[in-house]
Amino acid sequence: QTLALAVKYDEQSFVESFKRVKPNHTMSSSTYLPTLIKDPELQSWDLSFYKTMGMGGTPLTHAVEIELAEFMEKHGSSAKPSLGYGLSEITSASATELNRYYGKVGSVGIPLCGVNIFVQDTDTGEHKKIGETGELFISSPGLMQGYYKNQEETDACIFTDENGTCAPARECIVFK
């Protein structure tokens, strides 16, 4: 297999690289994916080579996700928009929708391999069940070591629990 990394990365270079490389899988900014639909040349292509449409950054609207999925299906591709959820402190995605196989619109999906995610009560620290509201904690092999030359901020943002598991602290990511 071949991995193609984009040196120059914008909407137009994404489309040009897509046409040149004909990838099976992509990971890109979600804002670049709709440009595939708009490209006149791709209107006549068989896109059956394209299997996974991974994206990160700003989520697309549900209408645009549907439009992308329908375009791909019409052109022979099984790829559907699949958003990865992450944050700077994790350095990458920590969960993915997996083409909506697990979850629903608005869901962050399931944790990636090696990632542990839990929600706890903001007052008691008690772990919450699926669907309950609380603080989101993520432990990942991709967790940063700390902020460069800023131990105070590192200590405020990363904590280690009683089991030795590190995760970004509550001040960094709170979902209610």
Note to self: The conditions are (1) surrounded by 13 or more Cβ atoms within 10 Å (Cβ to Cβ); (2) modelled with pLDDT under 85, and THR26 fails exactly one of them. Which is it?
What the structure shows: (2)
Margin query: With the condition being over 12 Å from the mean Cα position of the chain (by Cα), modelled with pLDDT under 85 and not hydroxyl-bearing (Ser, Thr, Tyr), I'd like the strands (runs of 3 or more DSSP E) fully within segment 71-126 carrying at least 1 qualifying residues.
Written below: 116-120
Next item on the list: Could you check how many residues of segment 155-176 are at pLDDT 65 or above and within 24 Å of the chain's Cα centre (by Cα)?
Entry: 4
Margin query: Could you tell me how many of the residues in segment 1-22 are part of a helix (DSSP H, G or I) and either open to solvent by 60 Å² or more (accessible area, probe 1.4 Å) or in contact with a Cys (Cβ under 6 Å, 6 or more places away or on another chain) (or both)?
Written below: 5
Next item on the list: List every residue pair whose Cβ atoms sit under 9 Å apart, with the two residues 6 or more apart in sequence or on different chains, where the first one lies in segment 40-60 and is small (Gly, Ala, Ser) and the second, anywhere, is in a loop (DSSP other than H, G, I, E, B).
Entry: SER44/HIS75; SER48/HIS75; SER48/GLY76; SER48/SER77; SER48/SER78
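I'm trying to understand the selection: among the residues of segment 23-70, which are part of a helix (DSSP H, G or I), under 18 Å from the mean Cα position of the chain (by Cα) and of a type in the set (D, E, K, R)?
Passing the criteria: only GLU65.
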Next item on the list: Could you check, for segment 64-71, whether at least one of its residues is open to solvent by 40 Å² or more (accessible area, probe 1.4 Å), within 28 Å of SER139 (Cβ to Cβ) and not hydrophobic (A, V, I, L, M, F, W, C)?
Entry: no
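The values are calculated or read from the model by the stated rules, or taken from the named source; none is laboratory data. Just so it is clear, the model here is predicted, and its values are computed rather than measured. Note that each Cβ is placed from the backbone with ideal geometry, even for glycine, and that neighbours are counted across all protein chains shown. Surface accessibility is based on the protein's heavy atoms, side chains included, excluding ligands, DNA and RNA. Shrake-Rupley method; radii C 1.70, N 1.55, O 1.52, S 1.80 Å.
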